[in-house]
Structures are given as structure tokens and as C-alpha cells.
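Written out below as C-alpha cells is the structure these notes cover.
The values are calculated or read from the model by the stated rules, or taken from the named source; none is laboratory data. Since the model is a prediction, treat every value here as computed from it, not as a measurement. We place every Cβ from the backbone using ideal geometry, glycine too, and count neighbours over all the protein chains shown.
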Amino acid sequence: MKGGMQGMLKQVQKMQEEMQRVQQDLGNKTVTEEAGGGMIKATASGNKEIISVEIDPQVINASEKEILEDLVVAAVNKALTSAGKMAENELAKVTKGMIPPGLNIPGF
């Protein structure tokens, strides 16, 4: 029983180290999403931080300010959702079924 517990603890420690590495790597990965047919682009890191927002100059019109704001929000939300999915996928590679589905881990 003792050897089994030590083995399990080593496995958990290895998984924790790998999860830390994945979190660091996610900061270097990005996803870009679009709204308005590509007129607005938002890029987010795997850490769910917005890196950039690009706006096609053709859509900048003071009389359509609210539409532009809505498109920016849509692109940003898509980028954050994609970044979250990317993080979940990377974490899943590390845990390989060791964490039960539905368990909420902070940061992921």
C-alpha cells in the first residue's frame, strides 16, 4: 500500500509540474477570431488575455459607433472563448483522464 501511495504522489507531482509548464506555454500561444465578416479581429493569448484588436478603417464611422462597439465585443468574446478551449485542450493532454470531468480547476 505504501509503494502505491508514493507512486501516486509522484504521479500527482509530475502532473502539477506539467500543468505549470502548460500554463507558461499558453501565454505564448494565441488565437484570433473575427466579427463583421473579418472587419474586426481580436487576438487573445492562451491565458485569456486580449493581445490586440484590429479594426478595418472602412468600418470606422461615427454614425455607426454602436454597431462598431458591438462587433468589437463579439470578436473579443469569440477570442476569449477560443482561448479558453485551447487552454482546456492543453490541460487535457497533461491530465490524460486523471481529473474527473466537470472538476473546476482555477485558471482553466
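Quick one: would you say M39 is on the phi < 0 side of the Ramachandran plot, in contact with a strand residue (DSSP E or B) (Cβ under 9 Å, 6 or more places away or on another chain) and in contact (Cβ under 8 Å) with a residue 40 or more places away in the chain? Give the derivation first.
Values: on the phi < 0 side of the Ramachandran plot: yes; in contact with a strand residue (DSSP E or B) (Cβ under 9 Å, 6 or more places away or on another chain): yes; in contact (Cβ under 8 Å) with a residue 40 or more places away in the chain: no.
For M39, the condition - on the phi < 0 side of the Ramachandran plot, in contact with a strand residue (DSSP E or B) (Cβ under 9 Å, 6 or more places away or on another chain) and in contact (Cβ under 8 Å) with a residue 40 or more places away in the chain - is not met.
Please enumerate the residues belonging to the range 86-105 that are of a type in the set (V, I, T) and modelled with pLDDT of 65 or more. Reasoning before the result, please.
Narrowing the range 86-105 to residues of a type in the set (V, I, T): 94-95, 99, 105.
Across the range 86-105, the qualifying residues are V94, T95.
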Could you please tell me which pairs satisfy a Cβ distance under 7 Å, a separation of 6+ or placement on different chains, a first residue in the range 63-74 that is in a helix (DSSP H, G or I), and a second residue that is surrounded by 12 or more Cβ atoms within 10 Å (Cβ to Cβ)? L68/V59; L71/A35; L71/G36; L71/M39; L71/I40; V72/I40; V72/V53; A74/A35
